[in-house]
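S.K.: Below is a structure I'd like to ask you about.
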Amino acid sequence: MFDIVHKRKRVVQIIIVIATLPFLFWGIESYRNTDGEDYVAVVSGEKIHRQEFDQALRMQQESMRERMGDSFNINMLDNPEVRVSVLESLIQQRLLNHEASRIGLAVLDSQLVEVIQDISVFQQDGKFSNHQYKEILRNQGMDAVRFESRVRQDMLRQQVIEAYTKNGFISNTVAKNIMRLSEEKREISLVQIQPEQFLSKIKPSDDEIKSYYDSHQNKFRRPEQVKVEYLVLSVDDLAKQVQVSTDEAISYFNEHKAEFGQVEERRARHILLSAPTTASDTDRAAARSKAEEIILQIKQAPQNFADLAKQHSQDAGSADKGGDLGFFGRGTMVKAFEDEIFQMELGEIRGPVQTEFGFHIIKLSEIKAGKEVNFDEVKEQVLEKLKKQKSEKEFGEMAEDFRNMVYEQSDSLQPAAETFRLPIKESGWINRKEGKSPYLTDKKLLQAIFSEDSIDNKQNTETVEVSTDTLVSARVLDHRPAAMRSMSIVKEEIIKLVAHQKAVDQAVKEGREKLEKLLKGEKNVVKWNPVILVSHNEPQGLGYDTLRSIFKVQPTKLPTYTGIINSQGGFSLIRISDVIEASVPSEEKIKTFSRQLQQVFAQEELLSYLNAVKKRYDVTVRQDRIENKL
């Protein structure tokens, strides 16, 4: 648990530490100056402009890139769920603003000062620097009044949230019962009766084929299709043409060395005795006392730190790893914990250290020193960064001219291709739902391509931003209307579909017949696969529905049997041969699990509250603008 939630200190300093500073600096006021019609949602009369949504997507992109490293793929942001999630976050911010105002919440100036002074980017040598604070804001074109207003608003929202997240309650009895159910194991054997076992014996008749064709006409209709030519203007393509001199790269490197060096990182183990800020004085005193007892044991045998962490730590995320938190740099852990770590000597053990999570015993196990790099080591990285910056600037200068030219000279893409030195590309046949990756899958672009003006008059489409900094305009070359494919053409396809459905029906029928025989006590009905032990915590690869059917059975006599239609359309026969009750957990484990359940419960309560709030206010979403890539 600690290695997840420690990164969220005071909601990561009220959701505005370094990760969100670029967003704040970018200029919140600019949203209010945006064209009033270009919006993606309206919350109680307040518009969320497309520009704000676009910027939020960029922030999500950078956040995902930082978390995922080399495994990050820009196409992940094409997922509609990601786009909806980003918008939902913006909507929730507006709703919480209204709720804070309705309830009459306030943030004292002293509270605001404390939070801002605690943001590490504004500190020098661990202390707040007013000079650095003003300098950073000034460099980013941000004044203190606007910044502090934003921070105050975030703090108000957090007050609303904490009313739910800090007041959940789960009794130890409920926690104990859930632990028992989740840890109970059952010894089972499986037999899968799959449709493939029957396919070779199934030959659909001509009447069955015709009947399927007649009743599934839409399945065999060829959609309306077009062939298009198109132009792509993108930052990535421009970057390939940009030239950057070595002198430019060296100059940039000398001014931005901190971007390319390696910061100091430390690796530590810890033992957490949980005592959150909501705990009573008695519980905190008990946790501190327990921590002091463990420290005495560690002093007698320091080599046993990992074993003692596994035995006593109440941090579910690291206890099983002997308390190991891995490597981390400054700004990652909660401040009190981090300050202690970066003062320690290698191998030193300290504690108890109190944080908002409880009392920690800490061992510093490794230090990865910070490192400055020379230009030659990062030359290619610097060159690529400068190329990207130059191409972004060039793209910004060219984008409007590109839009205007394809619109004003709408009967051909050739003038724009020559002016901007872009190759004209051609597609194969595409339809409204299945374009050609990576550009002709955009919904807004496909909508423009299949418009009456594009098809009948062969006019250039409007310019569409299919992804960040990538513009596309297309022109229809050929068109063929929707048409019904004849049965002779799709006959083989129908044979496969009908045969598969009949095989599914046969597999389920046979599975149910064999289950009935097993429940009647007949022997040697099937040959069972080897026995496995399963539980809710260790499902052994079984799906949720299968696991649910296994634990739904109340075995009064063993072995007993059950069955379920599986995800492949066949039937899973299951024999339950033994039930292994869960061991009685210690009171300490019950309390820890109860606190974890409390967090889950509190999050569910908050979600329910936010859903109720959403119904209280008038919220309108422009779905077409969310689905379109910006």
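The values are calculated or read from the model by the stated rules, or taken from the named source; none is laboratory data. Because the structure is a prediction, the values reported are computed rather than measured. Note: ideal-geometry Cβ built from the backbone for every residue, glycine included; neighbour counts use all protein chains shown.
S.K.: Give the number of residues within the range 432-459 that are of a type outside the set (A, V, I, L, M, F, W, C) and either more than 24 Å from ARG622 (Cα to Cα) or in a helix (DSSP H, G or I) (or both).
M.R.: Final tally of qualifying residues: 13.
S.K.: Then there is this: Please work out which one of (1) more than 24 Å from ILE119 (Cβ to Cβ); (2) assigned to a loop (DSSP other than H, G, I, E, B); (3) in the same structural domain as SER89 (by TED's automatic domain parsing) is the condition PRO204 fails and give its number.
M.R.: (3)
S.K.: From ARG475, ARG421, which residue is modelled with pLDDT of 95 or more, under 28 Å from GLU392 (Cβ atoms), over 34 Å from the mean Cα position of the chain (by Cα) and not in a helix (DSSP H, G or I)?
M.R.: Just one listed residue meets the conditions, ARG475.
S.K.: For the range 576-614, what are the residues that are under 29 Å from ALA319 (Cα atoms), hydroxyl-bearing (Ser, Thr, Tyr) and surrounded by fewer than 13 Cβ atoms within 10 Å (Cβ to Cβ)?
M.R.: Of everything in the range 576-614, those that are under 29 Å from ALA319 (Cα atoms), hydroxyl-bearing (Ser, Thr, Tyr) and surrounded by fewer than 13 Cβ atoms within 10 Å (Cβ to Cβ) turn out to be SER583, SER586.
S.K.: Checking the condition in contact with a Lys or Arg (Cβ under 8 Å, 6 or more places away or on another chain) and surrounded by fewer than 15 Cβ atoms within 10 Å (Cβ to Cβ), which residue from GLY370, GLY347, GLY396, GLY323 passes?
M.R.: Only one candidate passes the filter, namely GLY347.
S.K.: Another one. Kindly indicate whether TYR544 is aromatic (Phe, Trp, Tyr), more than 25 Å from THR173 (Cα to Cα) and at pLDDT below 90.
M.R.: The answer is yes for TYR544.
S.K.: With respect to GLN554, is the statement that it is on the phi > 0 side of the Ramachandran plot and not in a strand (DSSP E or B) true?
M.R.: Spelling it out, it is not the case that GLN554 is on the phi > 0 side of the Ramachandran plot and not in a strand (DSSP E or B).
S.K.: What residue, of ILE136, ILE178, ILE170, is modelled with pLDDT under 90, assigned to a helix (DSSP H, G or I), in contact with a Leu (Cβ under 9 Å, 6 or more places away or on another chain) and farther than 30 Å from PHE395 by Cα?
M.R.: Just one listed residue meets the conditions, ILE178.
S.K.: Inspect the range 342-356 for any residue being of a type in the set (Ser, Thr, Tyr) and closer than 30 Å to ILE250 by Cα and give the result as yes or no.
M.R.: No, because not a single residue in the range 342-356 is of a type in the set (Ser, Thr, Tyr) and closer than 30 Å to ILE250 by Cα.
S.K.: So, in the range 195-237, exactly how many residues are under 30 Å from LEU446 (Cβ atoms) and β-branched (Val, Ile, Thr)?
M.R.: Of the residues in the range 195-237, 4 are under 30 Å from LEU446 (Cβ atoms) and β-branched (Val, Ile, Thr).
S.K.: Could you please tell me which pairs satisfy a Cβ distance under 8 Å, a separation of 6+ or placement on different chains, a first residue in the range 26-50 that is among the basic types (Lys, Arg), and a second residue that is at pLDDT below 55 and crowded, with 17+ Cβ neighbours inside 10 Å?
M.R.: Final answer for the pair search is ARG50/LEU630.
S.K.: Are any residues in the range 293-307 within 18 Å of ARG267 (Cβ to Cβ) and either touching a Cys at 6+ places or on another chain (Cβ under 8 Å) or touching a residue at least 24 places away in the same chain (Cβ under 8 Å) (or both), and if so, which ones?
M.R.: Residues satisfying the conditions are ILE298, PRO302, PHE305, ALA306.
To keep it simple, each residue is scored yes or no on (1) closer than 15 Å to GLN197 by Cβ; (2) in contact (Cβ under 8 Å) with a residue 60 or more places away in the chain; (3) within 40 Å of the chain's Cα centre (by Cα).
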position	(1), (2), (3)
VAL504	yes, yes, yes
ALA507	yes, yes, yes
LYS517	no, no, no
GLY521	no, no, no
VAL534	no, yes, yes
PRO539	no, no, yes
GLY543	no, no, yes
PHE551	no, yes, yes
GLN554	no, no, yes
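S.K.: Collect the residues in the range 139-149 that are in a helix (DSSP H, G or I) and closer than 19 Å to ASP109 by Cβ, keeping them in residue-number order.
M.R.: Residues satisfying the conditions are ALA144, VAL145, ARG146, PHE147, GLU148, SER149.
S.K.: If you take the residues of the range 168-198 that are over 36 Å from the mean Cα position of the chain (by Cα) and surrounded by fewer than 16 Cβ atoms within 10 Å (Cβ to Cβ), which of them is nearest to GLU492 (Cα to Cα)?
M.R.: The extreme case among them is GLU196.
S.K.: Restricting the first residue to the range 380-405 and requiring it to be on the phi < 0 side of the Ramachandran plot, which pairs with a second residue that is among the hydroxyl-bearing types (Ser, Thr, Tyr) and modelled with pLDDT of 85 or more meet a Cβ separation below 6 Å and a spacing of at least six or different chains?
M.R.: ARG403/THR463
S.K.: Go over the candidates THR461, THR419 one by one and state the one that is buried (at least 19 other Cβ atoms within 10 Å of the Cβ) and more than 20 Å from GLN51 (Cα to Cα).
M.R.: Result of the check over THR461, THR419: THR461.
S.K.: Something else now. Given the options LEU325, LEU364, LEU296, name the one that is touching a Leu at 6+ places or on another chain (Cβ under 9 Å) and over 15 Å from THR592 (Cβ atoms).
M.R.: Exactly one of LEU325, LEU364, LEU296 is touching a Leu at 6+ places or on another chain (Cβ under 9 Å) and over 15 Å from THR592 (Cβ atoms), namely LEU364.
S.K.: Give the range 513-537 a look and list any residue that's in contact with a strand residue (DSSP E or B) (Cβ under 7 Å, 6 or more places away or on another chain) and part of a helix (DSSP H, G or I), or say none.
M.R.: LYS514, LEU515, LEU518, LEU519
S.K.: Kindly list, by first and then second residue, each pair from a residue in the range 139-151 that is at negative phi to a residue that is among the β-branched types (Val, Ile, Thr), limited to pairs with Cβ atoms under 8 Å and residues at least 6 apart or on different chains.
M.R.: What qualifies is ARG146/ILE28; GLU148/ILE116; ARG150/ILE16; ARG150/ILE28; VAL151/ILE14; VAL151/ILE16; VAL151/VAL115; VAL151/ILE116.
S.K.: Which one is farthest from the chain's Cα centre (by Cα) among residues in the range 352-387 that are among the aromatic types (Phe, Trp, Tyr) and under 20 Å from GLY322 (Cα atoms)?
M.R.: So, considering only residues that are among the aromatic types (Phe, Trp, Tyr) and under 20 Å from GLY322 (Cα atoms), the one farthest from the chain's Cα centre (by Cα) is PHE359.
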